[in-house]
């Protein structure tokens, strides 16, 4: 299988961590999103990463879809529980983490595109959301004790904040979340996919 990705995308990192944790080999193809390859655009009309091309030529896009597919390929470790109550707690936390990625990416891009004249009210709202999400995640740390799609997604979201906007990271207000992230980040899958 081939994965189109960028090293700094938290969404692609999530997929890469899932694949490493499941011991599923992927041929990784790094993309330049300012000059997208014809291969990426043929595979995914949105031109977004991550995009996964299966061995039969079928394409999957959007990190939650790709992660669910990868989780279905091998029994262990189970990243998306089958038991209904636990399954939807994990999927809900993973969705919050994905939204946290969305918010952080939006704030970073606004400041990058308009360093002198960024929309202050927009940035303020994004920062409030970033802190609110981290507070919510910290209150639900018990659901992140085991390896799951949620723990991977949260770690990739916090990793992106720490990389792009460290002043908004958990170390500023959320000590328990910061400790959890420090420990989770020591996993080989996280070390291997660290953005840089």
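The table for this structure:
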read-out	value
Residue 81, sole failed condition from (1) outside any helix (DSSP H, G or I); (2) touching a residue at least 60 places away in the same chain (Cβ under 8 Å); (3) buried (at least 22 other Cβ atoms within 10 Å of the Cβ)	(3)
Only one of 142, 98 that is part of a helix (DSSP H, G or I), at pLDDT 95 or above and under 18 Å from the mean Cα position of the chain (by Cα)	98
Strands (runs of 3 or more DSSP E) enclosed by region 27-66 - at least 2 residues per element that are in contact with a helix residue (DSSP H, G or I) (Cβ under 6 Å, 6 or more places away or on another chain) and assigned by TED's automatic domain parsing to the domain that holds residue 7	51-53, 59-61
Residues of region 109-131 satisfying the condition of being surrounded by fewer than 12 Cβ atoms within 10 Å (Cβ to Cβ) and over 25 Å from residue 34 (Cα atoms)	120, 121, 124, 128
Count of region 139-168 residues which are closer than 18 Å to residue 93 by Cα and either touching a residue at least 24 places away in the same chain (Cβ under 8 Å) or buried (at least 17 other Cβ atoms within 10 Å of the Cβ) (or both)	19
Residue within region 169-178 that is within 24 Å of residue 80 (Cβ to Cβ), surrounded by 13 or more Cβ atoms within 10 Å (Cβ to Cβ) and either out of contact with any strand residue (DSSP E or B) (no Cβ under 7 Å at 6 or more places or on another chain) or not assigned by TED's automatic domain parsing to the domain that holds residue 15 (or both) present	yes
Subset tally (residues that are more than 15 Å from the chain's Cα centre (by Cα) and part of a loop (DSSP other than H, G, I, E, B)) for region 170-195	4
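The values are calculated or read from the model by the stated rules, or taken from the named source; none is laboratory data. Keep in mind the model is a prediction, meaning the values are calculated, not measured. All Cβ positions, glycine included, derive from the backbone under ideal geometry; neighbour counts span all protein chains shown.
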